[in-house]
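Q: Quick one: this structure, given as structure tokens, is what I'll be asking you about.
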Amino acid sequence: MQTNAIQNYRANEIIRKCVHCGFCLATCPTYQLLGDELDSPRGRIYLIKSALEGKSFSAQSIQHLDRCLTCSSCETTCPSGVEYTKLVDIGREFVEVRRSFWQKTYRYWVRKFLTTPLLFNLIAPVFRHSKAQKNHIQTNQKNPKILLLGGCVQPALAPNINHSIKNILTKLGFTAIETSQKQCCGAIDQHLGANKAALVKIKANIDAWLAFDCKTIISSASGCGAMMKDYGSLFDKNDKYYQKAQEVSKKTKDIAEFLADKDLSVLKTINDKIAYHSPCTMQHGQKLGGLVESILTQLGYTLTPIQDSHLCCGSAGTYSIFQPKLAKQLKINKLKNLQEKHPQLIVTANIGCLMHLQKGSKIPVKHWIELLS
Ligand code: SF4
Ligand code: SF4
């Protein structure tokens, strides 16, 4: 795509890679639902290009950008390697200052509410998904080699997820220390166009996590994991956080990645029939599609085939709050496909998907790691 006078070097580079082929349209959930080119990756690239070139950009254009789930499905499909999600982050920062006062205020408070544990914990018990099991886990505090990410909303909504991980790692002979710091990884701010606020949190996280001097940082929420693996690309080479951010990104592993090469024969195995929903941040963001499926299959679980497994469930961070109609339709479609072969349970790898799907599901939805504890 040709560009004219775009000051942002990174945006320019990304837009120029797009060859207009339109392959990405077929795998874009919003284009599938709405059938409008402007609700497709290619259409949104045009909108961002036009905005950055100082051409027309209306309230309607903002709506088309807001409808994007940031699911990265288009990146997986694109044959030219267009880094769409990096471009949309630039586009959103540009758009944010052009919103109406009421939109800005609403978005600000949703962002604050979700990323401030003191506020979020006030209402979290109403939505709590699971309690931590009571079994006691003995950890060797003298040898903290693995840092387990606490996260912002997960400890309050589903504490059993990290409890299960600690239990499993102890059985496998590892020591996991959960971060006491319950701060957002920065994804919520960044996806809402508050890139500066995201960087403040990211820097604080980097300092806190590297102080642990651990070899591995484990994330059990694929949304956070995808963001942390991206830390390295958020700083300029001259920035003093550049090296440190690279280090955090290299150390970060999803729990599935960590377990993939371990001997799991000591863990619980059951012959249940389950449906696995692969979060977008797992399959498109971290490119770890198929990993959880292979671990569960090796442990004896029967996984049902899922139609359109590459499509988003509609959770997508704060998407279900700001785009409830589209999020609901995507959830209905996803649950229909997940329940088609009558599984006993649905499992997933991200707290956002888990909470979103459970609201509409007749059968229980869990984090897959809870099955093994
Ligand atoms: S990130 Fe997802 S919703 Fe957004 S344009 Fe790409 S495929 Fe469509
Ligand atoms: S698939 Fe890639 S190159 Fe083709 S239109 Fe979409 S973003 Fe552009």
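Q: Determine whether the range 13-26 contains at least one residue that is more than 16 Å from ligand 1 (Cβ to nearest atom) and either surrounded by 19 or more Cβ atoms within 10 Å (Cβ to Cβ) or of a type outside the set (Val, Ile, Thr) (or both).
A: Within the range 13-26 (the criterion being more than 16 Å from ligand 1 (Cβ to nearest atom) and either surrounded by 19 or more Cβ atoms within 10 Å (Cβ to Cβ) or of a type outside the set (Val, Ile, Thr) (or both)), the answer is yes, since at least one residue qualifies.
Q: State yes or no: is residue 80 surrounded by fewer than 21 Cβ atoms within 10 Å (Cβ to Cβ), modelled with pLDDT of 95 or more and out of contact with any Pro (no Cβ under 9 Å at 6 or more places or on another chain)?
A: On the way: surrounded by fewer than 21 Cβ atoms within 10 Å (Cβ to Cβ): yes; modelled with pLDDT of 95 or more: yes; out of contact with any Pro (no Cβ under 9 Å at 6 or more places or on another chain): yes.
Judged against the criteria, residue 80 is a match.
Q: Still on this model: Among the listed residues 92, 107, which satisfies the condition of being outside the structural domain of residue 152 (by TED's automatic domain parsing), away from ligand 2 (no atom under 11 Å from the Cβ) and touching a helix residue (DSSP H, G or I) at 6+ places or on another chain (Cβ under 7 Å)?
A: On the way: 107 fails: touching a helix residue (DSSP H, G or I) at 6+ places or on another chain (Cβ under 7 Å).
Sole residue among the options that is outside the structural domain of residue 152 (by TED's automatic domain parsing), away from ligand 2 (no atom under 11 Å from the Cβ) and touching a helix residue (DSSP H, G or I) at 6+ places or on another chain (Cβ under 7 Å): 92.
Q: Looking at residue 25, is it part of a helix (DSSP H, G or I), out of contact with any Gly (no Cβ under 6 Å at 6 or more places or on another chain) and touching a residue at least 24 places away in the same chain (Cβ under 8 Å)?
A: Taking the combined requirement at face value, the residue does not satisfy it.
Q: Sticking with this structure for a sec: Looking at residue 7, is it more than 10 Å from ligand 1 (Cβ to nearest atom), part of a loop (DSSP other than H, G, I, E, B) and under 23 Å from residue 233 (Cβ atoms)?
A: yes
Q: Related question: Tally up the residues in the range 244-303 that are assigned to a loop (DSSP other than H, G, I, E, B), surrounded by 14 or more Cβ atoms within 10 Å (Cβ to Cβ) and among the hydrophobic types (A, V, I, L, M, F, W, C), please.
A: Selection size over the range 244-303: 4.
Q: Please count how many residues of the range 126-149 are outside any strand (DSSP E or B) and modelled with pLDDT of 80 or more.
A: 1
Q: Let me ask another. Considering the range 83-105 alone, what residues qualify as being away from ligand 1 (no atom under 15 Å from the Cβ) and either buried (at least 19 other Cβ atoms within 10 Å of the Cβ) or part of a helix (DSSP H, G or I) (or both)? I'd like the intermediate steps shown before the answer.
A: Here is the first cut: in the range 83-105, the ones away from ligand 1 (no atom under 15 Å from the Cβ) are 93-94, 96-105.
Of everything in the range 83-105, those that are away from ligand 1 (no atom under 15 Å from the Cβ) and either buried (at least 19 other Cβ atoms within 10 Å of the Cβ) or part of a helix (DSSP H, G or I) (or both) turn out to be 93, 94, 96, 101, 102, 103, 104, 105.
Q: Another question, if that's okay. Out of 319, 276, I need the residue that is touching a residue at least 60 places away in the same chain (Cβ under 8 Å), more than 23 Å from residue 166 (Cα to Cα) and within 20 Å of the chain's Cα centre (by Cα). Which one?
A: So the residue among 319, 276 that is touching a residue at least 60 places away in the same chain (Cβ under 8 Å), more than 23 Å from residue 166 (Cα to Cα) and within 20 Å of the chain's Cα centre (by Cα) is 319.
Q: OK, next. Do we have residue 152 as within 29 Å of residue 347 (Cα to Cα), within 17 Å of the chain's Cα centre (by Cα), at pLDDT 90 or above and among the hydrophobic types (A, V, I, L, M, F, W, C) here? Full working, then the answer.
A: Numbers: within 29 Å of residue 347 (Cα to Cα): yes; within 17 Å of the chain's Cα centre (by Cα): yes; at pLDDT 90 or above: no; among the hydrophobic types (A, V, I, L, M, F, W, C): yes.
Judged against the criteria, residue 152 is not a match.
Q: When the range 157-167 is examined, which residues are found to be surrounded by fewer than 24 Cβ atoms within 10 Å (Cβ to Cβ) and touching a Ser or Thr at 6+ places or on another chain (Cβ under 6 Å)? Before you say what the answer is, go through the steps one by one.
A: Pass one, the range 157-167, residues surrounded by fewer than 24 Cβ atoms within 10 Å (Cβ to Cβ): 157, 159-160, 163, 166-167.
Across the range 157-167, the qualifying residues are 160, 167.
Q: Can you pull out the residues in the range 33-48 that are within 9 Å of ligand 1 (Cβ to nearest atom) and in a helix (DSSP H, G or I)?
A: Result: 39, 41, 42, 43, 44, 45.
Q: Give me the pairs, please: first residue somewhere in the range 59-83 and near ligand 2 (Cβ under 8 Å from one of its atoms), second residue anywhere and hydrophobic (A, V, I, L, M, F, W, C) and not in a loop (DSSP other than H, G, I, E, B), beta-carbon distance under 7 Å, and either six or more positions apart or on two chains.
A: Within 7 Å, the pairs are 74/24; 77/23; 77/24; 78/23; 78/24; 79/23; 82/14.
Q: List the helices (runs of 4 or more DSSP H) inside the range 308-373, counting only whole elements, that have at least 2 residues being in the same structural domain as residue 296 (by TED's automatic domain parsing) and closer than 21 Å to residue 184 by Cβ.
A: On the way: elements: 319-322, 324-339, 351-358.
Result: 319-322, 351-358.
Q: Quick one: which residue in 269, 252 is among the β-branched types (Val, Ile, Thr) and within 28 Å of residue 314 (Cα to Cα)?
A: Selected residue: 252, the only one of 269, 252 that is among the β-branched types (Val, Ile, Thr) and within 28 Å of residue 314 (Cα to Cα).
The values are calculated or read from the model by the stated rules, or taken from the named source; none is laboratory data. As the structure is a computational prediction, the values presented were derived from the model and not from experiment. Neighbour counts run over all protein chains shown; Cβ positions are idealised from the backbone, glycine included.
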